[in-house]
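Remarks on the structure that follows.
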Amino acid sequence: MSRIILTGDRPTGRLHVGHLVGSLRERVRLQDSGEFDEINIMIADAQALTDNAEHPEKVRRNIMEVALDYLAAGIDPEKSTIFIQSMVPELTELTFYYMNLVTVARVQRNPTVKAEIQMRNFEASIPVGFFCYPISQAADITAFRATHVPVGEDQLPMIEQCREIVHKFNAVYGETLTEPVAVLPSNAACLRLPGTDGKAKMSKSLGNCIYLSESEADLKKKVMSMYTDPNHLRVEDPGQVEGNPVFMYLDAFCRPEYIEEFLPDYASLDELKDHYRRGGLGDVKVKKFLLSVLKAELGPIRERREAWEKRIDDVYEILRSGSEAAEKKAASVLSDVRSAMQIDYFTDRRLIDAYAGR
Ligand code: TRP
């Protein structure tokens, strides 16, 4: 069986380091592993509109931002198809058919949807389109016969719901759709990178994100003002490492080479942590180390982005031809779906044959 990847992001802002460690780095690794027959990466503008219906300009503006972030992070348009969701209308049609296979109660139980409804104060008035986005996400995945979906941990309930839709569809209409699995990063620290203020989630409105395209000056400002252990007041005080965002970032980003290069007095990150726990290690020193690590990680990404920013026409063409290729793939699955559901009236003579008594 072919190994196919489908994944994507909502274009509601620039991508940040949470996206990078939660999923983007994994996608690049899978892309470069050569173990996949096909890689499809989608800018989910239609899904972004489900809770931004009144701000289409925001979604539109961020399509290029996300495309540039993908290319900067190392998504290679020679190996991966990058496309725009709404340019593949087949996805909408699939969503409409899948809606019949899912109950309202089931979507209400989806933990990610639940959390998002709360976050957006939608309790009293949930837009129908927003409510249905897990179903549209199943359409995105199945339209490419995706077997692997590299995503952040918050998306696991979506993949689970997709698998249920696949089962149900195949049970009702016959074996047609492919069941996907989620792919998470193996490093647990990468699953949930907190905001720079220590809040569980990075979000633009909280101003607690470090963006992939961050300038060195802003990166420095953000790292040096990061929240740490509030009880670690003096350098001599013992400090807490667990739940301390600076160390959580180091867990996600630090490699042994960085200790060797930037903190040669320590043998490992664990030794640094021990020193912090004992007391006698100041926050400024740890933050400076994190800054060096992030500069080393984000520098090449920023450089690639600057190079692509000078080639915007090429980026536009990557999206255009990617969307065209994506539509071809989705159309072929939609045709299988229509024939399984026996609604392909003009390519299948069964409709007329029944009446003609043949
Ligand atoms: N829900 C994802 C996000 O919020 C975007 C997305 C849409 C997606 N369709 C998908 C991810 C299909 C993986 C597979 O970023």
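The values are calculated or read from the model by the stated rules, or taken from the named source; none is laboratory data. If you're wondering where the values come from, they're calculated on a predicted model, not measured in any experiment. As a convention, Cβ positions derive from the backbone with ideal geometry for all residues, glycine included, and neighbour counts pool all protein chains shown. Heads up: the accessible areas ignore ligands, DNA and RNA and are worked out on the full protein's heavy atoms, side chains in. Shrake-Rupley method; radii C 1.70, N 1.55, O 1.52, S 1.80 Å.
Data table
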| quantity | calculated |
| --- | --- |
| Over the chain, relative contact order from alpha-carbon pairs under 8 Å, at least 6 apart, % | 22 percent |
| Of Lys295/Lys329; Lys204/Lys310; Lys114/Lys204; Lys58/Lys288; Lys204/Lys295, those spanning more than 32 Å from alpha-carbon to alpha-carbon | Lys295/Lys329; Lys58/Lys288 |
| Zone residues, region 113-129, relative to Met99, backbone N less than 12 Å from point 7 Å out along Cα-to-Cβ | 128-129 |
| Cross-link reach list, aspartates and glutamates versus Lys79, counting only Cα pairs under 14 Å and skipping chain neighbours closer than eight places | Asp32, Glu35, Asp37, Glu38 |
| Residue-wise HN-Hα coupling along region 108-117, computed from phi with Karplus coefficients 6.51, -1.76, 1.60 (Hz; x: Gly, Pro) | 4, 7, 5, x, 5, 4, 4, 4, 6, 4 |
| In Hz, Karplus ³J(HN,Hα) per residue of region 279-295 (6.51, -1.76, 1.60; θ = phi - 60°; x = Gly, Pro) | x, x, 10, x, 4, 4, 5, 5, 5, 5, 5, 4, 4, 4, 4, 5, 4 |
| Potential extension, Lys201-Met224 segment - 0.36 nm per residue separation minus Cα distance | 6.4 nm |
| Computed FRET value (nearest 0.05) for Asp314 with Arg278, which takes r as the C-beta separation and R₀ as 45 Å | 0.25 |
| Over region 141-269, relative contact order from alpha-carbon pairs under 8 Å, at least 6 apart, % | 19 percent |
| Cut-off under 5 Å, modelled amide H: who pairs with His16 long-range | Leu212 |
| Potential lengthening between Tyr345 and Leu191 on full extension [0.36 nm per residue; Cα-Cα distance subtracted] | 50.8 nm |
| Cα-Cα P(r), region 1-96, percent of pairs per 5 Å interval | 3, 13, 23, 23, 19, 13, 5, 1, 0 |
| Helix-only [θ]222 nm of the chain, DSSP H runs n ≥ 4, -39500 (n - 2.57) each, per residue, nearest 500 | -16000 deg cm²/dmol |
| 3J(HN,Hα) from dihedral phi, region 206-220, Karplus parametrisation 6.51/-1.76/1.60, rounded to Hz, x for glycine, proline | 7, x, 10, 9, 10, 7, 4, 8, 3, 6, 4, 5, 5, 4, 4 |
| Cα-projected label distance for Asp37 with Ala325, points at 7 Å along beta-carbon direction, nm | 1.6 nm |
| Heavy-atom accessible area per residue - the chain, 1.4 Å, Å² | 49 Å² |
